[in-house]
Amino acid sequence: GEWRGHHVTTISAEDISDVKTCCTSNLKGYGDGVWAHGKYLYATTGLHATGNHEAKKGDGHGLEIFRISDKSNPEFVSRLDFAVTPKTYPDYWTPRPCNNGDYVVCADTHNGIYIVDTRKKSSPKVASQLSVIKEDGSTISVTTVAVGNGVIYVGMHSELGVLAVECPAIKPVVRNIGRLPKNASY
């Protein structure tokens with residue numbers, strides 16, 4: 001994911017002696033949170049591509065889904081917009097597919113985390129949202145998420161550490177590391 005460029009770049013590293021860029025796919029917002037699982041690539045975006053506070057729908061915070069059956073040519077499938085938040089820092093986004101790709105847990109900094117139902121890839125929808133609130137009513141910035149068996153770990157900005165949220169139905173996806181590249185030095 002290329003943050004400032006508003007896109008995802010696919011790079012072939014099948015042969016370490018011949019690493020090359022395959023293609024670039026545009027995103028609707030600044031994006032660096034990406035995760036591939038099975039035939040799909042999930043990209044979370046934040047801030048706003050227009051560079052202003054009054055973002056339009058589809059121009060900033062959200063989850064975008066691409067079909068990667070042909071890894072050198074990702075095909076845009078759908079986008080789900082998250083709540084618009086002011087252009088402010090820090091700004092972090094992280095997608096983590098779970099339950100065999102039927103759901104994606106997304107960190108969206110000031111909005112907290114979203115659990116997105118992605119069973120219908122063409123029309124994802126928010127299943128749940130969690131904001132971490134301080135005693136004074138302000139939100140705590142979420143920096144990342146990780147999915148475990150029955151738990152979502154939420155990394156929080158500053159000295160606040162990690163929050164473990166029980167979610168009995170959540171299961172991490174099984175990662176297929178694929179085959180090792182040719183000409184690897186180790």
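The values are calculated or read from the model by the stated rules, or taken from the named source; none is laboratory data. As the structure is a prediction and not an experimental result, all values here were calculated from the model. We place every Cβ from the backbone using ideal geometry, glycine too, and count neighbours over all the protein chains shown. Heavy atoms of the whole protein, side chains included, go into the accessibility calculation; ligands, DNA and RNA do not. Shrake-Rupley method; radii C 1.70, N 1.55, O 1.52, S 1.80 Å.
For the stretch 37-46, the Karplus equation 6.51 cos²θ - 1.76 cosθ + 1.60, evaluated at θ = phi - 60°, returns couplings of 8, x, 8, 10, 10, 10, 10, 9, 10, x Hz by residue, with Gly and Pro reported as x. Taking amide H positions as modeled 1.01 Å from N, with prolines and chain starts lacking one, the residues under 5 Å from Thr143 and 5 or more places away or on another chain are Gly155, Met156, His157. Using a simple spin-label model with pseudo-atoms 7 Å out from Cα toward Cβ, Ser185 and Glu135 lie 5.3 nm apart. For the stretch 84-141, carbon and sulfur atoms together expose 46% of the accessible surface, with a 1.4 angstrom probe and every protein chain in place.
Residues in the chain average 55 Å² of solvent-accessible surface per residue, probe 1.4 Å, ligands and nucleic acids excluded.
The calculated FRET efficiency for the pair Glu14 and Asn149, based on their C-beta separation and a Förster distance of 41 Å, comes to about 0.80. Against the set [x] 135; [y] 98; [z] 161, the structure's computed volume of the Cα convex hull per residue in Å³ falls on [x].
For the stretch 131-186, averaging the sequence separation of C-alpha pairs within contact (under 8 Å, six or more residues apart) and dividing by the residue count gives a relative contact order of 24 percent. When exposed loop sites are taken as trypsin sites (Lys or Arg not before Pro) in a DSSP loop with at most 11 other Cβ atoms within 10 Å, the longest stretch of the chain clear of them is 58-119. Our note on the geometry: Cα centres of the stretch 31-46 and the stretch 139-180, 15 Å apart. Considering only alpha-carbon pairs that sit under 8 angstrom and 6 or more positions apart, the relative contact order computed for the chain is 16 percent. Amide hydrogen proximity for Tyr103: with H placed 1.01 Å from N in the peptide plane, the residues at 5 or more positions away or on another chain lying under 5 Å are Cys98, Thr118. Database remark: amide H of Tyr40 closer than 5 angstrom to the amide H of Ile68 (H placed geometrically; neighbours at sequence offset of 5 or more, or on other chains; Pro and chain starts carry no H).
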